[in-house]
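The values are calculated or read from the model by the stated rules, or taken from the named source; none is laboratory data. Here the structure is a predicted model, which means the values were calculated and not measured. FYI the Cβ positions are ideal-geometry reconstructions off the backbone, even for glycines, and counts take in every protein chain you see.
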Amino acid sequence: MRTLLNPESGEILSEAALSRRTLADLKGAFADEAARAALPQETEVYRVLTHENGEREGQEGGLFFGTSFVNPGKVGGEYFMTKGHYHAKRNTAEYYFCISGRGALILMDEAGHTWMEEMERGTLHYIPRNVAHRLANTGDEVLAVGCCWSTECGHDYASIAEKGFTCRLMEVEGKPRLI
Ligand code: MN
């Protein structure tokens, strides 16, 4: 199965399904909920193009590929970010690689230890099993990240929606810092 991917932008040029997340969809995700609520709710925070390869989530042995595009922006000093998730099947890993822009991959293990890896064009990131992950855009341009994960992973957004990560990525004196 052959598909075209724009290597500069990360756009998947055919057989791609789009999902979008706006500020309205990210209610409760940022530390400063009042600041989030005060911004235009239809503002797009990120979108994900997933390659439609005929696989279904939960099937054994397959792979998915997608590109996440996180827009630049901040909510009360906290960078625009994805919701973040664990995999429903915890013992499944994932690859991310940065296609363009600047950002951070924020990671948290099940003991609540949070850390980050800086992302820029060409960085490759291996997300180990049992580790929650989220993207944040720390730059002025769109952060585009290619992702490859197992059809068996599934997504557990609820754990993060309830408890969040133990650290947040904030802009402090013009620089990203995990707090
Ligand atoms: Mn994942």
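Test of understanding: among G112, G103, which residue is away from the ligand (no atom under 16 Å from the Cβ), small (G, A, S) and either in a loop (DSSP other than H, G, I, E, B) or touching a residue at least 12 places away in the same chain (Cβ under 8 Å) (or both)?
G112
Out of all the residues in the range 27-71, which are of a type in the set (A, V, I, L, M, F, W, C), surrounded by 15 or more Cβ atoms within 10 Å (Cβ to Cβ) and out of contact with any Gly (no Cβ under 9 Å at 6 or more places or on another chain)?
F64
Any idea which of L18, L4, L23, L13 is free of Cβ contacts under 8 Å to residues at least 40 places away in the same chain, touching a Ser or Thr at 6+ places or on another chain (Cβ under 9 Å) and either among the basic types (K, R) or under 30 Å from K163 (Cα atoms) (or both)?
Checking each option against the conditions leaves just L18.
One line per residue, one yes/no per condition, for (1) within 11 Å of the ligand (Cβ to nearest atom); (2) surrounded by fewer than 20 Cβ atoms within 10 Å (Cβ to Cβ):
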site	(1), (2)
G73	no, yes
G84	yes, no
Y96	yes, no
M108	no, no
D140	no, yes
G154	yes, yes
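Checking the structure you have, find out if any residue of the range 120-135 is surrounded by fewer than 18 Cβ atoms within 10 Å (Cβ to Cβ), within 16 Å of the ligand (Cβ to nearest atom) and assigned to a helix (DSSP H, G or I).
Among the residues of the range 120-135, not one is surrounded by fewer than 18 Cβ atoms within 10 Å (Cβ to Cβ), within 16 Å of the ligand (Cβ to nearest atom) and assigned to a helix (DSSP H, G or I), which makes the answer no.
For the range 59-71, how many residues meet the condition of being in contact with a Cys (Cβ under 8 Å, 6 or more places away or on another chain), away from the ligand (no atom under 11 Å from the Cβ) and farther than 17 Å from R129 by Cα?
So the answer is 2.
Would you check if there is a residue in the range 45-60 being closer than 19 Å to K163 by Cα, part of a strand (DSSP E or B), in contact with a strand residue (DSSP E or B) (Cβ under 9 Å, 6 or more places away or on another chain) and at pLDDT 95 or above?
No, the conditions are met nowhere in the range 45-60.
Any residue at all in the range 109-119 that's touching a Phe, Trp or Tyr at 6+ places or on another chain (Cβ under 7 Å) and of a type outside the set (V, I, T)?
Within the range 109-119, not a single residue is touching a Phe, Trp or Tyr at 6+ places or on another chain (Cβ under 7 Å) and of a type outside the set (V, I, T).
Quick check on my filter: what residues within the range 142-174 are over 28 Å from L49 (Cβ atoms), out of contact with any strand residue (DSSP E or B) (no Cβ under 8 Å at 6 or more places or on another chain) and either at pLDDT 95 or above or part of a loop (DSSP other than H, G, I, E, B) (or both)?
Listed by number, the residues that qualify are V172, E173, G174.
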